[in-house]
1. Subtract the Cα-Cα distance of Lys124 and Ser238 from 0.36 nm times their separation in residues, and report this length gain in nm to one decimal.
2. With the cut-off at 28 Å, tell me which of the pairs Lys182/Lys265; Lys180/Lys265; Lys236/Lys268; Lys124/Lys236; Lys174/Lys281; Lys124/Lys281 have Cα atoms farther apart than that.
3. What full-extension length gain, to one decimal in nm, is calculated for Lys266 and Ser147 as 0.36 nm per residue of separation minus the Cα-Cα distance?
4. Which trypsin sites (Lys or Arg not before Pro) does segment 245-300 hold that lie in a coil by DSSP with at most 16 other beta carbons within 10 Å?
5. As an exercise, use a Förster radius of 45 Å and the Cβ-Cβ distance of Asp163 and Thr246 to find the FRET efficiency, rounded to the nearest 0.05.
6. Compute the convex hull volume of the Cα atoms of segment 145-202, divide it by the residue count, and report the result per residue in Å³ as a whole number.
7. Give me a comma-separated list of calculated 3J(HN,Hα) values for segment 279-290, in order, Karplus coefficients 6.51, -1.76, 1.60 applied at θ = phi - 60°, integers in Hz, x for any Gly or Pro.
8. If you bin the C-alpha pair distances of segment 122-240 every 10 Å from 0, what whole percents do you get?
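Every number in this text was worked out from the coordinates using simple rules, so none of it is lab data. Just so we're clear, the structure is a prediction, and the values are computed from it rather than from any experiment. Cβ atoms come from the backbone with ideal geometry, glycine included; neighbour counts cover every protein chain shown.
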Amino acid sequence: MWPGEQSSTGGPDPRHPNPYRQPGYQQQPHPGQQQPAPWNAPAVASGGPAGGPAGRGPGHGRTKVVVIVAAAVVVVAAAVTGAVLLGGGEDDGARPGPTASAPSVSAPSASPADDPRGGDGAPKATVEGWTVVANPDLGLAFDVPASWVPQSRDWVTYVAEDDDPDEKPLVAMKAPAVLKEKWCGSDGDRDGSVEYTPLASAGTRGNNGARSTGEIARADSATWVYGAFAQPDRDKVSTGTVTPFTTDSGIEGSLATSRSAGVAKKGKCDVNGKATTFAFKSADGDFVSWSFFGAAGVADEVTDATVRRILATVREYTPSDRP
């Protein structure tokens, strides 16, 4: 699937024909559907048939972005980490579930209150020259290098199964930051419209229903890689050992990195990918997580050292609109 935008009516915005694609992002139904929002639900590490059309994006995955223009708006399912049931047991070999991607479009101008670089009492960057990225819904923030572009607080990225007509999110993140949004462009379906793939993205989400931070770290990292780069081949995704990690602010949690290998090069932008997820319990006792995913094995790949440096800045804060 490819990143896309949603209108206030709850469906894809007709003003935006999905000008470019990204790796497996998607959005999920919001209020009124008895389901948790895609960025605040458990992730699925296994289950669901794998498959779907190839060549839609990096590793055949499709990415989608949705902008929630109103609190009560119903978010359409697209290819982005969204409402997924965190599956997986205690073994590090848990496999990710199906994913898809969706078209992407530019987000509308954010108001001062929606400014991902500040607003809502968001803290200042802790690394000189970097930019702060805040998710006021969760009270989480992290910093990214100046070359990254933070999206608005209502921007959602997710992944879904390629052949799922409902584009049900497998995993999602809200208020992310993106690096090189138009990193690679191609017209895979030869319809005369170039679709673009970003180099990398990072963001935060809630993990309602999860059983442990280790489970979240394994499942989310694997699902991001599968949905954005490796589908329909789940066996091309491997997840490393879950290890403890502590951020500079003292948050302790579980960390895992997943990678794909041997992704078929059926299109210009088909590449292998990697994802890192850090899961922990918030001060309120809720399971939450931060994830990074991006292209791997390419000249401008985001180094693991940079990923760890960004991760180290993850911290909690109290938005100004909270008591």
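1. Details: separation 114, 0.36 × 114 = 41.04 nm, distance 3.59 nm.
The Lys124-Ser238 span can extend by a further 37.4 nm.
2. Beyond 28 Å between Cα atoms: Lys124/Lys236.
3. Numbers: separation 119, 0.36 × 119 = 42.84 nm, distance 2.94 nm.
Taking 0.36 nm per residue and subtracting the Cα distance, the gain is 39.9 nm.
4. The qualifying sites are Lys265, Lys266, Lys268.
5. On the way: r = 40 Å, r/R0 = 0.90.
Once rounded, the FRET efficiency stands at 0.65.
6. 106 Å³
7. 10, 7, 9, 6, 4, 8, x, 8, 6, 9, 7, 10
8. Histogram of Cα-Cα distances, whole percents per bin: 12, 34, 38, 14, 2.
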